[in-house]
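S.K.: Questions regarding the structure given below will be posed in turn.
Nothing in this text is a laboratory measurement; each read-out follows from the coordinates by a stated rule. Bear in mind the structure is a predicted one, so any value in this text is a computation, not a measurement. In this analysis, Cβ positions are derived from the backbone assuming ideal geometry, glycine residues included, and neighbour counts consider all displayed protein chains.
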Amino acid sequence: MSRVTILGAGMAGLGAAHRCHELGLESTVYERRTRPGGHTRSFVDASGFVFDDGPHISFTKNERIQKLFAEAVGGEYEVLQASVNNHWQGHWIKHPAQCNLHGLPAELVADVLRDFVHAQAREAGEIADYEEWLRAVYGDTFAETFPMEYGRKYHTLPAAEMSTEWLGPRLYRPELEEVLNGALSPATPDVHYVSHFRYPSRGGFESYLRPFAAASNLEQDKEVTAIDPKARRIGFADGGEIEYERLVSSIPLPELIPRIAGAPGDVVEAASRLACSTCVIVNLGIDRVDLSGSHWTYFYDHDYTVTRASFPHMFSPHNAPEGMGSIQAEVYFSDKYRPLDRQPPELIEPVVDDFRRCGLIEDGDRVVFQEARLIPYANVIFDHDRAPALEIVHSFLDDVGIRYAGRYGLWGYEWTDESFVSGEEAVG
Ligand SMILES: Cc1cc2nc3c(=O)[nH]c(=O)nc-3n(C[C@H](O)[C@H](O)[C@H](O)COP(=O)(O)OP(=O)(O)OC[C@H]3O[C@@H](n4cnc5c(N)ncnc54)[C@H](O)[C@@H]3O)c2cc1C
């Protein structure tokens, strides 16, 4: 029997603690913040609005995790059929746009169809980057008009500077017939990779994690500042020190590596090359419920500050006071490619202007709640540096016996369920 020390109390850290509990292993979770949850925290305002740390829904297909989460909220969760759309140059387009071109300018549709047919007929050859993938799958016009534009806003860099490892089911690959049907008819089947999702009825997404935090041996306000893998000691910002036997970390790799005594220069340098986006979320409460028919919307135009908007009051009616609606806007930056150039609250006004311009906020509507929050680690950026740098970093951690888990330990695109499972697996 050995004691397990776990760093970080998000999905991954609490997944690790849960596995320890199942195996009868003693464990302690150290968290730098004064509350657990990591990215799955929810903020409940006294006025009754509930916002998550970025929009969070559960669409896991893992039945064991579905059951665990359902039990965690005592069976009180909403099950919703996802409705998603896009906003482009004044048009509201059902998602994914490639299957729903009906109503767009005829010239654009003709160009998209022509290029799509050409792309299908062409031998793609070896794909070197995301831009080549987009052109090969969708044809030039669609690639340039939609995903390349959106990607620049969301990932903060041009598609040619990204790899394709992260794609998975994220971008739908239609057959010609689906593209033609969507160009000719407004009624198309739903093909988004999230068809249904679940969301806790009360308390925001964080409710899924609360019982796991309560069941763990949790030390909060304990920021890890130093790890000595030889002496097996950890130092904290408050001056405290502990010894560890087995260590599982979910601390973001660029922060973890410089804290490890004896980390070689090339490993520290590799960790500094790992890029991720920073997200500013703008949370708005509006005195109207029927703001949108979709749960979330992608915004493509570069003269719109917002990249994606979601409507938390549609995830659960308890996310907003009665008769009110809510919008959460995401705006993306990254230290490496598009540094944040202003204070988060300065983004509230341009975002509200966006919503007035596209009609989501109407003339008579009142904004009754507004705030902006910074999410320093949002999405890992799959640039061409990532894979080689990650190999160096992970093999160093393997050598010094530090196990890593979660979105920012694996440095991938893990969703909440995958982060939780990665924590469990890191325990073994
Ligand atoms: C905008 C956005 C939207 C998302 N939407 C969804 C969604 O709809 N559905 C979904 O399933 N997933 C979604 N995700 C992904 C999801 O948030 C992650 O998969 C998951 O929360 C990651 O959990 P984690 O434990 O790996 O990391 P985190 O939640 O970041 O946990 C890491 C913990 O480590 C702590 N820590 C860091 N440094 C130290 C230190 N030095 N000492 C001690 N503690 C430290 C942090 O405070 C944090 O609590 C979204 C992510 C983002 C950014």
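S.K.: Using the Karplus curve 6.51 cos²θ - 1.76 cosθ + 1.60 with θ = phi - 60°, work out ³J(HN,Hα) for each residue of the range 160-176 in order, rounded to whole Hz, and write x for Gly and Pro.
M.R.: My calculation for the range 160-176 gives 5, 8, 10, 8, 10, 4, 8, 5, x, x, 4, 10, 6, 10, x, 7, 4 Hz in order.
S.K.: Working from the alpha-carbon coordinates of the chain, get Rg over Rh, Rh being the Kirkwood radius.
M.R.: Using Cα coordinates only, the ratio equals 0.98.
S.K.: State, in angstrom, two size descriptors of the range 151-211 derived from its alpha carbons: Rg to one decimal place and Dmax to the nearest whole number.
M.R.: Radius of gyration, then largest Cα-Cα span, for the range 151-211: 17.5, 50 Å.
S.K.: Would you pull out the residues with amide H under 5 Å of S83's amide H, same chain only if 5 or more places away, H placed 1.01 Å from N?
M.R.: H295, W296
S.K.: At each listed q (0.21, 0.28 Å⁻¹), what is the log10 of I(q)/I(0) that the Debye formula gives for the range 1-68 modelled as equal alpha-carbon point scatterers?
M.R.: Evaluating at q = 0.21, 0.28 Å⁻¹ gives log10 I(q)/I(0) of -0.99, -1.18.
S.K.: Hey, another quick one. What is the extension gain from R173 to Q120, computed as 0.36 nm multiplied by their sequence separation minus the C-alpha to C-alpha distance, in nm to one decimal?
M.R.: Numbers: separation 53, 0.36 × 53 = 19.08 nm, distance 1.11 nm.
Contour length minus Cα-Cα distance gives 18.0 nm.
S.K.: Related question: To the nearest 0.05, what FRET efficiency results for A70 and A387 with a Förster distance of 51 Å applied to their C-beta separation?
M.R.: With a Förster radius of 51 Å, E is 0.90.
S.K.: Same structure again: What translational diffusion coefficient, in µm²/s and rounded to a whole number, does the Stokes-Einstein relation yield for the range 333-386 at 10 °C and a viscosity of 1.306 mPa s, taking the hydrodynamic radius as the Kirkwood radius over Cα pairs?
M.R.: Working: Rh = 13.7 Å.
Approximately 116 µm²/s, per Stokes-Einstein.
S.K.: Then there's this: Residues with amide H under 5 Å of D301's amide H, sequence separation 5 or more or different chain, H placed in the peptide plane at 1.01 Å from N; which?
M.R.: Q89
S.K.: What is the Cα coordinate range of the range 193-294 on the first, second and third principal axes, sorted by size from largest, in whole angstrom?
M.R.: Result for the range 193-294: principal-axis Cα extents of 58, 35, 28 Å.
S.K.: Under a straight-distance cross-link criterion of Cα-Cα below 29 Å, which lysines are reachable from K230, leaving out those fewer than 8 residues away in the same chain?
M.R.: Within the straight-line limit of under 29 Å, K230 reaches these lysines: K222.
S.K.: Kindly provide the pair-distance distribution of the range 56-129 built from C-alpha pairs, with 5 Å bins from 0 and whole-percent values in order of increasing distance.
M.R.: Calculated P(r), rounded to whole percents: 3, 11, 14, 13, 10, 11, 13, 10, 8, 6, 2.
S.K.: In 5 Å bins starting at 0, how do the alpha-carbon pair distances of the range 109-173 split up by percent?
M.R.: With a bin width of 5 Å, the distribution comes to 4, 19, 28, 27, 15, 6, 0.
S.K.: So, one more: Can you work out ³J(HN,Hα) from phi for every residue in the range 402-410, in order, using Karplus 6.51 cos²θ - 1.76 cosθ + 1.60 and θ = phi - 60°, giving whole Hz and x for Gly and Pro?
M.R.: Taking θ as phi minus 60°, the curve returns 9, 7, 10, 8, x, 4, 9, x, 7 Hz for the range 402-410.
S.K.: Straight-line reach from K153: which aspartates and glutamates have a Cα under 12 Å away, not including same-chain ones fewer than 8 places off?
M.R.: Within the straight-line cut-off, K153 pairs with D301, D303, E330.
S.K.: Follow-up question, since we're still on this one. Run lengths n ≥ 4 of DSSP H only: what is the helix-derived mean residue ellipticity at 222 nm for the chain, with -39500 (n - 2.57) per run over all residues, to the nearest 500?
M.R.: Working: 13 runs with 126 residues, N = 428.
After summing the helix terms and dividing by the residues of the chain, the value is -8500 deg cm²/dmol.
S.K.: How big is the dipole moment of the chain about its Cα centre under a simple scheme where the beta carbon of each Lys and Arg is +1, that of each Asp and Glu is -1, and everything else is neutral? Debye, nearest 20, please.
M.R.: Its charge dipole is roughly 860 debye.
S.K.: Which log10 I(q)/I(0) values, to two decimals, does the range 106-146 give at q = 0.16, 0.21, 0.24, 0.27 Å⁻¹ under the Debye formula with one point per Cα?
M.R.: Rounded to two decimals, the profile gives -0.35, -0.57, -0.71, -0.85.
S.K.: Net charge near D111, counting Lys/Arg +1 and Asp/Glu -1 over other residues with Cβ under 12 Å of its Cβ?
M.R.: -3
S.K.: If you don't mind, there's one more thing I want to ask. With Kirkwood's inverse mean 1/r over C-alpha pairs for Rh, give me the Rg to Rh ratio of the range 276-390, two decimals please. Mind showing how you got there, number by number?
M.R.: Details: Rg = 15.4 Å, Rh = 15.1 Å.
Result: Rg/Rh = 1.03.
S.K.: While we're on this one: Check which residues have an amide H placed less than 5 Å from S42's amide H, if you skip close sequence neighbours.
M.R.: Long-range HN contacts for S42: E206.
S.K.: Under the Kirkwood approximation for Rh and a Cα-based Rg, what ratio Rg/Rh is obtained for the range 59-202? Show your work: numbers first, answer last.
M.R.: Values: Rg = 17.7 Å, Rh = 17.0 Å.
Across the range 59-202, the Cα-based Rg/Rh ratio is 1.04.
S.K.: Contour minus end-to-end for D290 and A160, with contour as 0.36 nm per residue of separation and end-to-end as the Cα-Cα distance?
M.R.: Separation in residues times 0.36 nm, less the Cα-Cα distance, equals 42.9 nm.
S.K.: Can you work out the FRET efficiency for the pair H196 and E223, with r the C-beta to C-beta distance and R0 = 35 Å, to the nearest 0.05?
M.R.: 0.35
S.K.: Okay, moving on. Can you tell me the length gained on complete extension of the stretch E362 to K230, counting 0.36 nm per residue apart and subtracting the Cα distance?
M.R.: 41.4 nm
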